[in-house]
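*Asks:* I am attaching a structure below and will ask some questions about it afterwards.
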Amino acid sequence: MRILHVSYLHPAITPGGAQQVAFELFQASIDQGHQALLISALEIGHEDAFGKPGAPIVPFHGQPNQYLFFPQFYEFPHLSTGDWRSVQFFREFVEHFSPDIIHFHHYHRIGVECIRAARLGAPHAVISLSFHEMLAICMADGQMVTTKDRQLCHAATPLGCHLCFNHLRPEFFTLRMQRLQALLDECDVFVFPSEFLSDRYLSWGLSGSKSVVIPNGQIDLSASFNRASHSKALNRFGFFGQFIDNKGIDIVLEALILLAREKRVPTGGIIFEINGSSKNFASGVYLERIQQLLETLSSMENTGIRIIDRGRYDRHELAGRMATVDWVLVPSTWWEVFGLVVSEAWMFGRPVIAAAIGGLAERVKDDVNGYTFSPRDPRSLADLIGELIGNEERWETAHAGCERPWTHIDMFNAHVSIWQEIRRPKIPPLPPLKRQA
């Protein structure tokens with residue numbers, strides 16, 4: 001098959017779960033012997049380093065079969081590329097490749113118009129779309145967290161959205177929803193990584209007959225890793241992922257402060273390692289809050305708590321980072337839709353301690369493959385950490401349930417089975433126009 005993968009960002013430039021899944025599905029296409037291309041839409045700030053003046057689409061230097069896309073005049077509220085030339089270049093790119101399958105991993109920065117352009121460029125192709133967040137539903141960065149007080153939002157309504165963005169009238173959100181639903185409906189199939197996310201989009205109005213749940217897979221990096229290894233004290237906790245507002249590092253620090261104040265830190269102490277990237281996307285308020293919590297901890301005497309900020313990491317470093325922790329913390333404060341870090345932890349046999357929210361609550365089961373605590377609740381997390389430190393029986397119980405997650409090949413094969421169920425008729429070319437005598 002000829003398969004075109006379309007992604008927002010590229011993991012070699014900006015790490016992130018959605019772009020990593022997109023790249024590894026593309027890699028699986030190649031590994032399975034298909035003709036595949038990957039085109040990644042980048043941010044305007046990347047243009048100087050990776051683009052060429054006047055060229056909306058350029059080859060990614062040193063990366064075979066991969067291209068970079070620089071849509072112009074992108075409008076976030078509408079998820080729209082306002083430049084017809086960018087959309088036309090995308091359509092011509094599709095026409096030239098003539099794919100059998102076009103798989104979008106996003107529409108942010110790409111522009112929803114490119115889905116219709118793909119349909120015009122390859123009328124016979126099956127078009128599928130993977131959802132990694134709720135941007136179409138929620139203008140607050142797709143997080144469904146209110147802008148005023150950072151509360152969890154359970155459903156998007158015109159009035160509720162107006163309260164978050166009171167400079168926009170309620171009918172704006174109705175029209176936005178109708179426009180996005182019409183453009184997304186150009187797709188033949190919608191792919192969700194969790195039932196939670198599928199339910200949200202079906203409640204919003206997408207077609208259930210087009211929807212399927214396929215868990216995210218990834219390349220297995222644990223072949224030579226001792227998954228049963230752990231420290232004797234079982235007191236090493238690690239955070240992995242993006243160092244941004246809704247990932248909950250603040251919840252962990254607040255929980256550690258509670259344990260220190262209540263003298264509940266064991267003799268061997270507690271080590272918390274932060275493996276975080278994309279700190280530049282965190283808000284100033286959030287970074288200031290993190291700094292205040294760190295200063296509070298450092299001002300307390302003899303806490304026995306060590307915080308190690310190990311910074312961003314590349315995929316090839318993941319095994320080394322996982323080797324230095326016993327438990328992986330996933331304290332997200334938004335509706336995490338899947339939690340790729342959960343899969344990464346299980347890949348290396350590391351039990352997960354996760355907030356019971358969204359897709360995390362769907363995947364992590366207490367005393368089966370990990371442990372959960374009440375979302376956004378430092379007290380709940382502190383009590384759970386206190387119960388688990390040094391508890392080898394509970395570590396072994398969760399470790400035994402850490403089944404190896406889907407590989408990128410498993411994920412690809414699941415997509416192929418869906419694509420093959422859909423048949424679009426080949427559309428013959430139009431006959432040439434006859435000139436009038």
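*Asks:* Could you pull out which residues in segment 132-164 have an amide N less than 15 Å from a spot 7 Å beyond the Cα of residue 171, following the Cα-Cβ vector?
*Replies:* 158-159
*Asks:* Rounded to a whole number, what is D in µm²/s for segment 236-405 from Stokes-Einstein with the Kirkwood radius over alpha-carbon pairs (37 °C, 0.692 mPa s)?
*Replies:* So the translational diffusion coefficient is about 206 µm²/s.
*Asks:* Right, another one. Which of rounded, prolate or oblate describes the chain when judged by the alpha-carbon gyration tensor and an a/c cut-off of 1.5?
*Replies:* The shape class here is prolate.
*Asks:* Determine the shape class of segment 139-227: with a ≥ b ≥ c the square roots of the Cα gyration tensor eigenvalues, call it rounded for a/c under 1.5, and otherwise prolate if a/b is greater than b/c, oblate otherwise.
*Replies:* Oblate.
*Asks:* In deg cm²/dmol and to the nearest 500, what is the mean residue ellipticity at 222 nm of the chain if only DSSP H runs of at least 4 residues count, each as -39500 (n - 2.57), divided by the residue total?
*Replies:* -10500 deg cm²/dmol
*Asks:* Whole-Å semi-axes of segment 1-106's equivalent ellipsoid, largest first, each the root of 5 times a Cα gyration tensor eigenvalue?
*Replies:* The answer is 21, 16, 13 Å, longest axis first.
*Asks:* Follow-up question, since we're still on this one. If the only charges are +1 at each Lys and Arg Cβ and -1 at each Asp and Glu Cβ, what is the size of the charge dipole of segment 1-85 around the Cα centre, to the nearest 20 debye?
*Replies:* It works out to roughly 240 debye.
*Asks:* May I ask you to derive the relative contact order of the chain, considering only C-alpha pairs under 8 Å and at least 6 residues apart, and to give it as an integer percent?
*Replies:* Contact order relative to length: 14 percent.
*Asks:* Let me ask something else about it. Give the percent of DSSP beta bridges with both residues in the chain that are antiparallel, rounded to the nearest 5.
*Replies:* Taking every DSSP beta bridge within the chain, about 15 percent pair in antiparallel fashion.
*Asks:* Enter the angle in degrees (range 0 to 90, nearest 10) between the Cα long axis of helix 249-261 and the first principal axis of the Cα atoms of the chain, meaning the one along which they spread out most.
*Replies:* Relative to the chain, helix 249-261 is tipped by roughly 10 degrees.
*Asks:* What spacing in nm lies between the two simple spin-label points modelled at residue 298 and residue 263, each 7 Å away from Cα in the Cβ direction?
*Replies:* Those two pseudo-labels are separated by 2.7 nm.
*Asks:* Taking K and R as +1 and D and E as -1, what net charge do the other residues with C-beta under 13 Å from the C-beta of residue 24 add up to?
*Replies:* Neighbourhood net charge equals -3.
*Asks:* Which FRET efficiency value, to the nearest 0.05, do you get for residue 209 and residue 281 by plugging their Cβ-Cβ distance into 1/(1 + (r/R0)^6) with R0 = 41 Å?
*Replies:* That gives a FRET efficiency of 0.70.
*Asks:* Quick check on segment 180-305: take the gyration tensor over C-alpha atoms, sort the square-rooted eigenvalues as a ≥ b ≥ c, and tell me if it's rounded (a/c under 1.5), prolate or oblate.
*Replies:* prolate
*Asks:* Let me ask something else. In the chain, once you exclude exposed trypsin sites (Lys or Arg not before Pro) (DSSP loop, at most 12 other Cβ within 10 angstrom), what's the longest stretch remaining?
*Replies:* 264-422
*Asks:* What is the sum of charges, Lys and Arg at +1 and Asp and Glu at -1, for the other residues whose Cβ falls under 10 Å from the Cβ of residue 150?
*Replies:* For residues surrounding residue 150, the net value is 0.
*Asks:* Could I ask something else about it? Viscosity 1.306 mPa s, temperature 10 °C: what is the translational diffusion coefficient of segment 29-183 from Stokes-Einstein with a Kirkwood Rh over Cα pairs, rounded to a whole number of µm²/s?
*Replies:* For these conditions, the coefficient is 93 µm²/s.
*Asks:* What is the sum of charges around residue 359, taking Lys and Arg as +1, Asp and Glu as -1, for the other residues whose C-beta is under 9 Å from the C-beta of residue 359?
*Replies:* Summing Lys/Arg as +1 and Asp/Glu as -1 gives -2.
*Asks:* By how many nm would the segment from residue 423 to residue 154 grow when fully extended, if each residue of separation counts as 0.36 nm and the alpha-carbon distance is taken off?
*Replies:* That works out to 93.2 nm of additional length.
*Asks:* Quote to one decimal, in nm, the extra length available between residue 246 and residue 392 on full extension: 0.36 nm per residue of separation minus the C-alpha distance between them.
*Replies:* Stretched out fully, the residue 246 to residue 392 stretch lengthens by 49.5 nm.
*Asks:* Could you pull out the GluC sites (Glu not before Pro) across segment 321-419 that fall in loop regions by DSSP (anything but H, G, I, E, B) with no more than 11 other Cβ atoms inside 10 Å?
*Replies:* 403
Throughout, read-outs are computed from the coordinates displayed, never taken from laboratory work. Model, not experiment: these values are computed from the prediction. Every residue, glycine as well, gets a Cβ built from its backbone with ideal geometry; the counts of neighbours run over all protein chains shown.
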